[in-house]
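Just below is one structure, and these are the notes that go with it.
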Amino acid sequence: MIEKAIAGFKAAFGYEPQGVWSAPGRANLIGEHTDYNEGFVLPFGIDKRTYVALASRQDSTCRVSSDIDGKTYETNLTSVPVNLDWALYPLGVAWVMREWAKSGFDAFFVSDVPVGSGLSSSAAIECAIGVALNEIWDAGRTRQEIALLGQKAENQVVGAPTGMMDQTASMLAEKDSAVFLDCQTLEARAIPLNLEPRNLVVAVMDTRVAHRHSDGGYRVRRESCERGAKTLGVSSLRGLTVQDLPRAEAELDEVDFRRVRHVITENQRVLDSIEALSEGDMERFGELLLASHDSMAHDFEISIEELDVAVEVAMKTGAVGSRMTGGGFGGAAIAVIDKGLLPQLEKNCKEAFAAKGYGEPKVFAVVPSEGARRER
Ligand code: ADP
Ligand code: MG
């Protein structure tokens, strides 16, 4: 991938890049739609990454290209970038970092993170360019700050109202661990997963039904949460616990109540998961994953049939636990499963999807990997 990024850069711009940086996609173990409610999340960086070969220029022009469409998009940092398709992600990051800009740049992206599958190819592209620009502009931002700049670009320039989980995972990820993030205090801690010694893997079952965050569903969920918090007199849903559920039920309409219940119980499940993982109680962790899926399917209503089928198949194949991951309305489910059962899981998923007339899913294992870094 590093060589591919360099070759792509040379073909697009006709000279050698200054360096290559990369950032991973992420899978969220548990804690969904909790980030923008100032709650808890538990994602990890995956062994699929976006790479950027980049060089600074003498002038203020910023050009980005990628093997995704072979086009080159160009802007300078005098006005906010608009109408630049995927290039809004990297050029959006450059825009939100413009106060540190020392020059324009040329950048070429390659990636093996599946796009639109809930594995956050968007954060991978943002964090890859974020670490690159931080270095060549000598911006001095911390990893956490680069994550927040990536989120800002996605919110303000791309226009997707997402939380900070994806970028934080991509920046702070560590090998063999998940990142426990408190989205209120921004405190982050590595949680060792010890999957390898138990012969477990995290399998991704990508339904290949693409989601789009800038579409309505995500936004409407956010609005429900904001309304719920306001009605219940807290600045965010983080201010509530399971003890507040009866009051929430009394004061909210039926739909908003279920949305709020998902967030409140999901926060608790993240805390319980950390306890289960630290005790090595994988059975309990598996139950929490399933309960999370159930809550997303019925209370938050962001699952789709394909994801429900994937989870069901995973459990029938013998997974410890399984749930959809990411923002929902498509994308992927994960399963914690014995390494030896992976081929069976793939076979079962493909058969179940074919029987239902769905498109063919992709099933593969992901390995918890290191966050954004310079490669060369
Ligand atoms: P997800 O983050 O779950 O993959 P998003 O809708 O948040 O899905 O982000 C996907 C978008 O990010 C793509 O539609 C594309 O615009 C952009 N993107 C991601 N990776 C790349 C890449 N390697 N090259 C170009 N654009 C990319
Ligand atoms: Mg995304």
For Val255, are the conditions met, namely being touching a residue at least 24 places away in the same chain (Cβ under 8 Å), assigned to a helix (DSSP H, G or I) and away from ligand 1 (no atom under 16 Å from the Cβ)?
-> yes
Just one of Ala128, Ala190, Ala139, Ala153 is touching a residue at least 12 places away in the same chain (Cβ under 8 Å) and farther than 22 Å from Ala53 by Cα; which is it?
-> Ala190
If the Cβ limit is 8 Å and pairs must be 6+ apart or interchain, which residue in the stretch 11-34 that is more than 30 Å from Ser56 (Cβ to Cβ) pairs with which residue that is of a type in the set (Asp, Glu) and surrounded by 24 or more Cβ atoms within 10 Å (Cβ to Cβ)?
-> Ile30/Glu266; Gly31/Glu266; Glu32/Glu266; His33/Glu266; Thr34/Glu266
Does Val80 satisfy the criteria of being within 16 Å of ligand 1 (Cβ to nearest atom) and out of contact with any strand residue (DSSP E or B) (no Cβ under 7 Å at 6 or more places or on another chain)?
-> no
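Within the stretch 36-74, count every residue that is charged (D, E, K, R) and at positive phi.
Of the residues in the stretch 36-74, 1 are charged (D, E, K, R) and at positive phi.
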When Ala229 is evaluated against the numbered criteria (1) in contact (Cβ under 8 Å) with a residue 60 or more places away in the chain; (2) within 17 Å of the chain's Cα centre (by Cα), which criterion, by number, is the only one it fails?
-> (2)
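Residue-wise test of (1) on the phi > 0 side of the Ramachandran plot; (2) β-branched (Val, Ile, Thr).
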{"position": "Ala188", "(1), (2)": "no, no"}
{"position": "Pro192", "(1), (2)": "no, no"}
{"position": "Val202", "(1), (2)": "no, yes"}
{"position": "Ala229", "(1), (2)": "no, no"}
{"position": "Gly233", "(1), (2)": "yes, no"}
{"position": "Arg247", "(1), (2)": "no, no"}
{"position": "Val263", "(1), (2)": "no, yes"}
Here is a list of conditions, (1) within 22 Å of the chain's Cα centre (by Cα); (2) modelled with pLDDT of 95 or more; (3) among the β-branched types (Val, Ile, Thr), and Val115 meets all of them except one; can you say which number that is?
-> (2)
Filtered residues of the stretch 266-287 (kept if out of contact with any strand residue (DSSP E or B) (no Cβ under 7 Å at 6 or more places or on another chain), crowded, with 19+ Cβ neighbours inside 10 Å and either of a type outside the set (Gly, Ala, Ser) or free of Cβ contacts under 8 Å to residues at least 12 places away in the same chain (or both)) = Glu266, Arg269
Checking Phe180 against (1) more than 16 Å from Phe44 (Cα to Cα); (2) away from ligand 2 (no atom under 16 Å from the Cβ); (3) crowded, with 19+ Cβ neighbours inside 10 Å; (4) in contact (Cβ under 8 Å) with a residue 40 or more places away in the chain, which single condition isn't satisfied?
-> (1)
Does the stretch 315-322 contain any residue that is crowded, with 16+ Cβ neighbours inside 10 Å, touching a Ser or Thr at 6+ places or on another chain (Cβ under 7 Å) and either of a type in the set (Lys, Arg) or over 25 Å from Val113 (Cβ atoms) (or both)?
-> yes
For the stretch 342-360, pairs from a residue that is over 27 Å from Asn199 (Cβ atoms) to a residue that is of a type in the set (Asp, Glu), with Cβ under 7 Å and 6 or more apart or across chains, are Tyr358/Glu306
Got a number for residues in the stretch 32-41 being surrounded by fewer than 24 Cβ atoms within 10 Å (Cβ to Cβ) and part of a loop (DSSP other than H, G, I, E, B)?
-> 1
When residues of the stretch 313-330 are filtered for being assigned to a loop (DSSP other than H, G, I, E, B) and within 15 Å of Ile30 (Cα to Cα), how many remain?
-> 4
Would you point out the residue of the stretch 92-132, among those that are buried (at least 24 other Cβ atoms within 10 Å of the Cβ) and among the aromatic types (Phe, Trp, Tyr), that is farthest from ligand 1 (Cβ to nearest atom)?
-> Phe105
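The values are calculated or read from the model by the stated rules, or taken from the named source; none is laboratory data. For clarity, every value in this text was computed on a predicted model and none was experimentally measured. Using ideal geometry, Cβ is built from the backbone for each residue, glycine included, and neighbour counts are taken over all protein chains shown.
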